Amino acid sequence: MNKKVLLQDLGLKDYKETWDYQELLFKEIVDLKIKNRREAAGLQTPNHFLFVEHPHVYTLGKSGDINNLLIDEAKLKEKEATFYKINRGGDITYHGPGQIVGYPILDLDNFFTDIHKYLRFLEEMVILTLAEYGIKAERSEGETGVWIDVGTPFARKICAMGVRASRWVTMHGFALNVNSDLGYFDLMIPCGIKDKAVTSLNVELGQKEVDMNQVKQKLLQHFEVLFEANLTKQKTPA
């Protein structure tokens with residue numbers, strides 16, 4: 001079992017380019033697993049963790065409803081946003097500057113073969129990180145992601161999640177609102193859940209801007225402990 005996870009921070013990068021890169025890493029792992037099974041090759045499978053910020057983009061999961069996007073193509077262009085239907089679970093999600101997006105591309109055979117546990121660990125990583133800022137975040141029953149003031153009229157989502165897994169290899173991941181422009185969330189029904197607000201870390205702290213790199217470091221520390229992983233920085237591809 002390989003607990004080493006190669007870490008790359010892609011900076012601000014187009015959604016489709018990042019998706020293609022995820023697919024490449026995902027395929028490499030799956031192909032190795034197939035080779036191991038067919039040839040008893042005994043090859044070690046790698047694991048990856050990508051950080052990225054995207055330009056404004058809306059993505060719709062395979063079980064999502066296009067009607068949850070509340071604007072047309074012309075309005076998308078006016079807002080300098082793009083739209084993609086993608087192969088993760090979940091409904092509609094927004095990504096944009098000021099949001100930390102994390103894509104763990106893991107061979108869960110190296111950790112544990114339990115998708116439910118995987119999602120709960122990703123949520124726990126975010127919950128523990130927010131606790132370091134004095135914010136009590138939690139899960140909302142039946143709704144993947146991380147929330148604040150669950151069970152009250154003020155319930156609001158701070159982190160969305162949606163993953164894909166095949167042959168126990170994961171892709172896609174989580175999106176934590178840190179310094180996000182929350183106005184973009186008004187143009188959709190977030191994750192298809194009506195009457196639920198969205199928030200970000202800077203709003204909750206009453207700050208103009210939160211240090212994104214500091215948040216990333218806290219997330220990674222909790223990821224390493226939860227997954228018993230060893231993160232190693234890898235050079236970002238050109």
Item to complete: Among the candidates Leu24, Leu6, Leu60, single out the residue that is within 24 Å of Tyr118 (Cα to Cα), in contact with a strand residue (DSSP E or B) (Cβ under 6 Å, 6 or more places away or on another chain) and at pLDDT 95 or above.
Response: Leu6
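Working only within the range 136-170, note down all residues that are without any contact (Cβ under 8 Å) to a residue 60 or more places away in the chain and among the small types (Gly, Ala, Ser). Let's see the steps before the verdict.
The first filter runs over the range 136-170 and keeps only residues without any contact (Cβ under 8 Å) to a residue 60 or more places away in the chain, leaving 136-159, 165.
Passing the criteria: Ala137, Ser140, Gly142, Gly145, Gly151, Ala155, Ala165.
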Response to the item:
Considering residues that are more than 27 Å from Leu201 (Cα to Cα), surrounded by 12 or more Cβ atoms within 10 Å (Cβ to Cβ) and free of Cβ contacts under 8 Å to residues at least 40 places away in the same chain, the number found within the range 62-81 is 1
Discussion item. Yes or no: the range 82-105 includes at least one residue that is farther than 23 Å from Val146 by Cα, open to solvent by 20 Å² or more (accessible area, probe 1.4 Å), touching a residue at least 60 places away in the same chain (Cβ under 8 Å) and part of a loop (DSSP other than H, G, I, E, B).
Written reply: no
Response to the item:
Quick count over the range 211-234, residues being in contact (Cβ under 8 Å) with a residue 60 or more places away in the chain and in a loop (DSSP other than H, G, I, E, B), is 3
Discussion item. What's the number of the only condition in (1) touching a residue at least 40 places away in the same chain (Cβ under 8 Å); (2) assigned to a strand (DSSP E or B) that Tyr133 fails to meet?
Written reply: (2)
Item to complete: State whether the residues of the range 29-51 include one that is more than 15 Å from the chain's Cα centre (by Cα), open to solvent by less than 40 Å² (accessible area, probe 1.4 Å) and among the hydroxyl-bearing types (Ser, Thr, Tyr).
Response: yes
Discussion item. Just checking, does the range 150-168 include any residue being open to solvent by less than 20 Å² (accessible area, probe 1.4 Å), closer than 26 Å to Gln8 by Cα and among the β-branched types (Val, Ile, Thr)?
Written reply: yes
Fill in: Subset of the range 140-154 (residues that are of a type outside the set (Phe, Trp, Tyr), over 18 Å from Ser180 (Cα atoms) and either in a loop (DSSP other than H, G, I, E, B) or at pLDDT 95 or above (or both))
Glu141, Gly142, Asp149, Val150, Gly151, Thr152, Pro153
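Can you spot a residue in the range 2-15 that is farther than 19 Å from Thr236 by Cβ and out of contact with any Pro (no Cβ under 8 Å at 6 or more places or on another chain)? Step through it out loud before you land on a result.
Looking only at the range 2-15, we keep the residues that are farther than 19 Å from Thr236 by Cβ, and these are 2-3.
Filter again for out of contact with any Pro (no Cβ under 8 Å at 6 or more places or on another chain), leaving 3.
Yes, the range 2-15 contains at least one residue that is farther than 19 Å from Thr236 by Cβ and out of contact with any Pro (no Cβ under 8 Å at 6 or more places or on another chain).
Would you check which residues across the range 163-222 are among the basic types (Lys, Arg) and farther than 14 Å from Val126 by Cβ and list them?
Step one: filter the range 163-222 for residues among the basic types (Lys, Arg), giving 164, 167, 194, 196, 208, 216, 218.
Hits for the range 163-222 are Arg164, Arg167, Lys194, Lys196, Lys208.
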Worksheet entry | Single unsatisfied condition, Phe112 versus (1) open to solvent by 60 Å² or more (accessible area, probe 1.4 Å); (2) assigned to a loop (DSSP other than H, G, I, E, B); (3) within 20 Å of Glu224 (Cβ to Cβ) | (1)
Practice prompt. Kindly provide the set of residues from the range 1-37 that are in a loop (DSSP other than H, G, I, E, B) and not polar (S, T, N, Q), ordered by number.
Written response: Met1, Lys3, Lys13, Asp14
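For the range 1-28, how many residues are open to solvent by less than 70 Å² (accessible area, probe 1.4 Å) and farther than 21 Å from Asn230 by Cα?
Qualifying residue count for the region: 8.
The values are calculated or read from the model by the stated rules, or taken from the named source; none is laboratory data. On a predicted model such as this, the values are computed, not experimentally measured, just so you know. With ideal geometry, Cβ positions are generated from the backbone for all residues, glycine too; neighbour counts draw on all protein chains shown. These area figures cover heavy atoms from the full protein model, side chains too; ligands, DNA and RNA do not enter into them. Shrake-Rupley method; radii C 1.70, N 1.55, O 1.52, S 1.80 Å.
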